[in-house]
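The values are calculated or read from the model by the stated rules, or taken from the named source; none is laboratory data. Note that the structure is a prediction, hence the values are computed from the model and not measured. Here the Cβ is made from the backbone with ideal geometry for all residues, glycine too, and neighbour counts use every protein chain on show.
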Amino acid sequence: MKQAKPIVVLGVIFFFVVLLIPTLLVVPFTEKTDGKLHENVKQTPKTEKLQKVTASPLDVSVYRTETKKVEKLPLEDYLVGVVAAEMPATFELEALKAQSLAARTYIVQTMMNGNSHLPQGADVTDTVEYQVYLNKDELRSRWNKDYDWKIKKIQEAVKDTQGQILTYKNKPINATFFSTSNGYTENSEAYWKNSIPYLKSVASPWDKKSPEFTNQKVMSVASFEQRLGVKLTNSGSVGEIVSRTPGQRVDYVKINGKELSGKDVREKLGLSSADFHWTKKGNEIIINTKGYGHGIGMSQYGANGMALEGKTYKDIVTHYYTGVAITPNDQFVAQLTAKR
């Protein structure tokens, strides 16, 4: 019985070897797709190259108002310069993405429509008439030591929305935007002539935290009368607000029998918003406003407020542009490229 012990031990060892062989054969292959090897594959240079932004075949020609020259550059590079100029880089990334999407949509739609009033060879100017644009040298001068992190953040926002635009019934929208609302955006027809179905008044309560939410302007009675072409009465009353728009801005106001639209008053007096009220104090008119900009489309401070609450850029754009879809821009870029 004592001599049988080695035989039993060998038998047990053989039994466990037989069990381990399949496991030893399988483990190296399962690690390739489940373990560290799989993670390492994601970091190879070949995979990183696939993640890079593909350059757009479409170029944008920007008329530079200072140099009086046309600057031609790829679409995505142009968008970096627009987003950087139009929205603070300190805003949340999702707000910057929403701005990128609106800016890309705006330029594609503008180029498809064309404009014969621009200097020859230009698609847009670099002013608020279209979209403000600054090149990298100008941004470096503006941002100084903060240039590297700010440009990287803007580039990330543009990259993350690359190839996307906003459409309504399969057509690029007029993706207008502005700084700060009075708590509501505005119907397009309340400020412009046409009623546009995706530019409707929506609530924007986040704007109350904007530094531009309230403003005040003081001017002389003489200047007020001259700019509006009116004559105030001796009663001390400035004027009566006749009606308001769906976005709670002044629709019409009557001053000593003369009726003016809120838009006209805003533009002629250079006010921040068409949501205003005023008082006369001695020889001065004190005008208080809510909001900054025309109020149509996406509020930039509202977008940032939504992002701070955890909303995505898709949530933001579909809130401010009623009934729109986020669509690949391939077919529209192909149409524009074919025309050139």
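Yes or no: Tyr198 modelled with pLDDT of 95 or more, assigned to a helix (DSSP H, G or I) and under 24 Å from the mean Cα position of the chain (by Cα)? The answer is no for Tyr198.
So that you can scan it fast, the table gives a plain yes or no per residue for (1) part of a strand (DSSP E or B); (2) hydrophobic (A, V, I, L, M, F, W, C); (3) within 29 Å of Thr105 (Cβ to Cβ):
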residue: Val230; (1), (2), (3): no, yes, no
residue: Ile241; (1), (2), (3): yes, yes, no
residue: Asp251; (1), (2), (3): yes, no, yes
residue: Glu259; (1), (2), (3): yes, no, no
residue: Val265; (1), (2), (3): no, yes, no
residue: Thr279; (1), (2), (3): yes, no, no
residue: Gly295; (1), (2), (3): no, no, yes
residue: Asn304; (1), (2), (3): no, no, yes
residue: His319; (1), (2), (3): no, no, yes
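Answer yes if at least one residue in region 180-193 is closer than 19 Å to Val83 by Cβ and at pLDDT 95 or above, and no otherwise. Looking through region 180-193, at least one residue is closer than 19 Å to Val83 by Cβ and at pLDDT 95 or above. List the number of the failed condition for Thr312; all other conditions in (1) surrounded by 18 or more Cβ atoms within 10 Å (Cβ to Cβ); (2) modelled with pLDDT of 95 or more hold. Condition (1) is where Thr312 drops out.
Here the condition is being outside the structural domain of Ala85 (by TED's automatic domain parsing) and crowded, with 23+ Cβ neighbours inside 10 Å; of Ala303, Ala274, it holds for Ala274 alone.
State the number of residues belonging to region 155-190 that are farther than 17 Å from Lys314 by Cα and part of a helix (DSSP H, G or I). So the answer is 4. On the given criteria, is Thr289 of a type in the set (S, T, N, Q), in a strand (DSSP E or B) and farther than 25 Å from Val108 by Cβ? Judged against the criteria, Thr289 is a match. Tell me, please, whether a residue that is part of a loop (DSSP other than H, G, I, E, B) and either assigned by TED's automatic domain parsing to the domain that holds Gly302 or modelled with pLDDT of 95 or more (or both) can be found in region 137-146. Checked against the condition, which is being part of a loop (DSSP other than H, G, I, E, B) and either assigned by TED's automatic domain parsing to the domain that holds Gly302 or modelled with pLDDT of 95 or more (or both), region 137-146 yields no hits at all.
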